[in-house]
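Engineer: Here it is, the structure in full.
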Amino acid sequence: MNKKNFKSGFVSIIGRPNVGKSTLLNHVIGQKIAIMSDKPQTTRNKVQGVYTENDAQIVFIDTPGIHKPKHKLGDFMMKVAYQTLREVDLILFVVDAKEGFGGGDQMIIEQLQSVKTPVFLVINKIDLVHPDQLFKFIDEYRVKFNFAEIIPVSALQGNNVNTLKEQIIQNLNEGPQYYPADQVTDHPERFIVSELIREKVLHLTREEIPHSIAVGIEQMKQREGGTVYVGATIIVERSSQKGIIIGKQGAMLREIGKRARADIEVLLGSKIFLELWVKVQKDWRNKPGFLRDFGFREDEY
């Protein structure tokens, strides 16, 4: 769809793990499309979120947090993150106001030096620091790179997020409306449903379950009466992890299902019957066949 004086473009959100990239994306979009966790490396794939106003559309790409890969899944995640830098009109480099400049930031800036795309420094979690600290923080980053804009925000509370959106739109060129105004993501519903289930596992198991889980949607169909049936398998790497996720007399798995069902019902606007299974697949993160099954297709990047 083409509109006169309509502005549009693609914006990559990049940063170290756990700086609040997914929280920022969800706040801008106004709906949960990227899972949130205080564990690093939560996002594994590019999550495309769409924000539309009367005269502009921003297509956001939330990338995996930059880290040193330890397995094939990690290699894939880094390839995805770096590839987006060359595909977009604007880059948001999100940093945590509580943390100083670190090795992960240096890795990102080295990559940014090789692209011509404008970069905004977005300083997140400003609600957690004193303004005096913020000025020092800005000076620390300003000397490292020539940022097009430096914008402090609180993604969790929404502070200054509207200013960020306005600045993004100002920096975009005229272009088409890529998606319908009411569409908030280009991911299929199955992907978001699997991510919502994975989020609950991460929240509830805390340090006991590392990022060695995946969720596969076996079946998703509408039944008579409007209820949607969702059958999903949680994949782990060890039998001990399976025991933790199931819990005593199945208590943990029931709680995961209860919390996931609530979010999925909001997403789909329907009553949900959710059935979960847990399966052990040793070392799946290093097996290309399993990575492909879970949507990590290296040949696409």
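Engineer: Which residues, counting only those in the range 1-34, are among the aliphatic types (A, V, I, L, M), within 25 Å of residue 105 (Cα to Cα) and at pLDDT 80 or above? Write out each step before concluding.
Structural biologist: We begin by selecting, within the range 1-34, every residue among the aliphatic types (A, V, I, L, M); these are 1, 11, 13-14, 19, 24-25, 28-29, 33-34.
Subsequent filtering for residues that are within 25 Å of residue 105 (Cα to Cα) retains 11, 13-14, 19, 24-25, 28, 34.
Matches in the range 1-34: 11, 13, 14, 19, 24, 25, 28.
Engineer: Now for a different question. Six or more apart or on different chains, Cβ atoms under 9 Å: show the pairs whose first residue is in the range 220-241 and within 17 Å of residue 192 (Cβ to Cβ) and in the same structural domain as residue 271 (by TED's automatic domain parsing) and whose second is of a type in the set (S, T, N, Q) and outside any loop (DSSP other than H, G, I, E, B).
Structural biologist: Every condition considered, the pairs that remain are 228/222; 229/219; 229/222; 230/219; 231/219; 232/194; 232/219.
Engineer: Within the range 118-132, work out how many residues are over 20 Å from the mean Cα position of the chain (by Cα), more than 19 Å from residue 18 (Cβ to Cβ) and in contact (Cβ under 8 Å) with a residue 24 or more places away in the chain.
Structural biologist: Qualifying residue count, the range 118-132: 1.
Engineer: For the range 97-151, which residues satisfy the criterion of being among the β-branched types (Val, Ile, Thr) and assigned to a helix (DSSP H, G or I)?
Structural biologist: Quick first cut of the range 97-151, residues among the β-branched types (Val, Ile, Thr) only: 108-109, 115, 117, 119, 122-123, 126, 129, 138, 143, 150-151.
Scanning the range 97-151 gives 108, 109, 126, 138.
Engineer: Considering 199, 265, 195, 207, which residue is in a helix (DSSP H, G or I), loosely packed, with under 13 Cβ neighbours inside 10 Å and either at pLDDT below 85 or in contact with a Lys or Arg (Cβ under 6 Å, 6 or more places away or on another chain) (or both)? I'd like the intermediate steps shown before the answer.
Structural biologist: Working: 199 fails: loosely packed, with under 13 Cβ neighbours inside 10 Å; 265 fails: loosely packed, with under 13 Cβ neighbours inside 10 Å; 195 fails: loosely packed, with under 13 Cβ neighbours inside 10 Å.
Just a single option satisfies the conditions, and that option is 207.
Engineer: Take the conditions in contact with an Asp or Glu (Cβ under 9 Å, 6 or more places away or on another chain) and either without any contact (Cβ under 8 Å) to a residue 40 or more places away in the chain or among the hydroxyl-bearing types (Ser, Thr, Tyr) (or both) and apply them to residue 159. Does it pass?
Structural biologist: Numbers: in contact with an Asp or Glu (Cβ under 9 Å, 6 or more places away or on another chain): yes; either without any contact (Cβ under 8 Å) to a residue 40 or more places away in the chain or among the hydroxyl-bearing types (Ser, Thr, Tyr) (or both): yes.
Yes, satisfied.
Engineer: Can you confirm whether the range 67-89 contains a residue that is within 27 Å of residue 146 (Cα to Cα), assigned to a loop (DSSP other than H, G, I, E, B) and either at pLDDT 80 or above or in contact with an Asp or Glu (Cβ under 6 Å, 6 or more places away or on another chain) (or both)? Please lay out each step first, then the result.
Structural biologist: Start the filter on the range 67-89 by keeping residues that are within 27 Å of residue 146 (Cα to Cα), which leaves 67-68, 77-89.
Narrowing further to those that are assigned to a loop (DSSP other than H, G, I, E, B): 67-68, 85-89.
Retained after the next criterion (residues that are either at pLDDT 80 or above or in contact with an Asp or Glu (Cβ under 6 Å, 6 or more places away or on another chain) (or both)): 88-89.
The answer is yes, given that some residue of the range 67-89 is within 27 Å of residue 146 (Cα to Cα), assigned to a loop (DSSP other than H, G, I, E, B) and either at pLDDT 80 or above or in contact with an Asp or Glu (Cβ under 6 Å, 6 or more places away or on another chain) (or both).
Engineer: Give the range 83-117 a look and list any residue that's among the aromatic types (Phe, Trp, Tyr) and in contact (Cβ under 8 Å) with a residue 60 or more places away in the chain, or say none. Explain how you work it out, then say what you get.
Structural biologist: Applying the first criterion (among the aromatic types (Phe, Trp, Tyr)) to the range 83-117 yields 93, 101.
Result: 93, single match.
Engineer: If the requirement is being assigned by TED's automatic domain parsing to the domain that holds residue 19 and either surrounded by fewer than 17 Cβ atoms within 10 Å (Cβ to Cβ) or under 20 Å from residue 53 (Cβ atoms) (or both), which of these qualifies: 158, 175? Before the answer, list the steps.
Structural biologist: Details: 175 fails: assigned by TED's automatic domain parsing to the domain that holds residue 19.
On inspection, the qualifying residue turns out to be 158.
Engineer: List every residue pair whose Cβ atoms sit under 7 Å apart, with the two residues 6 or more apart in sequence or on different chains, where the first one lies in the range 133-146 and is in the same structural domain as residue 98 (by TED's automatic domain parsing) and the second, anywhere, is part of a helix (DSSP H, G or I).
Structural biologist: Close Cβ pairs satisfying both conditions: 134/126; 144/109; 145/109; 145/112.
The values are calculated or read from the model by the stated rules, or taken from the named source; none is laboratory data. Quantities reported herein were computed from a predicted structural model and do not represent experimental measurements. For neighbour counting, all protein chains shown are included, and Cβ atoms are generated from backbone atoms with ideal geometry for every residue, glycine included.
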